[in-house]
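Participant: First the structure, which I've put down as structure tokens, then a few questions once you've had a look.
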């Protein structure tokens with residue numbers, strides 16, 4: 001992981017720049033809402049299996065690069081497959097993963113030379129798409145505009161923040177030694193067939209100094 005910035009430096013040489021703005025969540029008072037009812041409704045409204053087409057932007061050291069990502073997710077089993085191409089259609093990588101492994105099916109040589117590329121991308125996908133609700137043992141902090149759940153996770157503490165009139169997940173934060181290590185923010189949820197999908201996602205890795213911006217283009221299934 002210490003060589004992670006070198007991985008993203010390779011990406012910067014492969015593509016151009018794109019800005020992806022998202023509308024901020026419209027906050028309402030959360031005081032009338034029961035915390036666990038909010039979690040239950042959110043969980044029931046999220047799809048178990050889906051296929052998405054996204055635009056992807058990496059930001060590192062004031063530079064950006066963009067690509068198009070095709071991802072298939074089984075959230076219940078924590079299984080995924082992702083393919084990323086650059087704007088002119090050249091495949092950059094193809095990965096799949098499960099709870100206990102990540103497999104690299106294809107990656108340009110530039111990626112495989114620079115640290116644990118598959119592990120880095122796979123971990124980001126897990127942060128974004130899996131484990132989106134707290135366990136029943138989570139502690140609750142109810143604020144006027146937010147409901148915050150927190151619980152131990154690995155070497156730190158994970159925090160889930162629900163807000164807005166629909167009570168969607170708006171942030172997932174991870175702290176190590178009381179220092180924010182990474183954050184995933186969710187915006188502009190879309191509805192299809194009774195299920196909701198975040199239209200915009202921003203992952204910020206404060207430990208390694210990069211951001212991943214995902215904009216939903218199409219819900220394929």
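Just so you know, all these numbers are worked out from the coordinates, no wet-lab data involved. Because the structure is a prediction, the values reported are computed rather than measured. Cβ: placed from backbone, ideal geometry, glycine included. Neighbour counts: every protein chain shown.
Participant: Just give me the residues in region 200-215 being buried (at least 18 other Cβ atoms within 10 Å of the Cβ) and either closer than 22 Å to residue 49 by Cα or more than 10 Å from the chain's Cα centre (by Cα) (or both), in sequence order.
Facilitator: Result: 200, 201, 202, 203, 205, 210, 213, 214, 215.
Participant: Going by the conditions given, is residue 177 buried (at least 17 other Cβ atoms within 10 Å of the Cβ) and over 30 Å from residue 29 (Cβ atoms)?
Facilitator: Values: buried (at least 17 other Cβ atoms within 10 Å of the Cβ): no; over 30 Å from residue 29 (Cβ atoms): yes.
Spelling it out, it is not the case that residue 177 is buried (at least 17 other Cβ atoms within 10 Å of the Cβ) and over 30 Å from residue 29 (Cβ atoms).
Participant: Let me ask something else about it. Against the definition (on the phi < 0 side of the Ramachandran plot and surrounded by fewer than 17 Cβ atoms within 10 Å (Cβ to Cβ)), how does residue 145 come out, yes or no? Step through it out loud before you land on a result.
Facilitator: Details: on the phi < 0 side of the Ramachandran plot: yes; surrounded by fewer than 17 Cβ atoms within 10 Å (Cβ to Cβ): yes.
Judged against the criteria, residue 145 is a match.
Yes or no, residue by residue, for (1) closer than 24 Å to residue 176 by Cβ; (2) out of contact with any helix residue (DSSP H, G or I) (no Cβ under 6 Å at 6 or more places or on another chain); (3) surrounded by fewer than 19 Cβ atoms within 10 Å (Cβ to Cβ); (4) touching a residue at least 60 places away in the same chain (Cβ under 8 Å):
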position: 74; (1), (2), (3), (4): no, yes, yes, no
position: 78; (1), (2), (3), (4): yes, yes, yes, no
position: 87; (1), (2), (3), (4): no, yes, yes, yes
position: 91; (1), (2), (3), (4): no, yes, yes, no
position: 103; (1), (2), (3), (4): no, yes, yes, no
position: 106; (1), (2), (3), (4): no, yes, yes, no
position: 140; (1), (2), (3), (4): yes, no, yes, yes
position: 154; (1), (2), (3), (4): yes, yes, yes, no
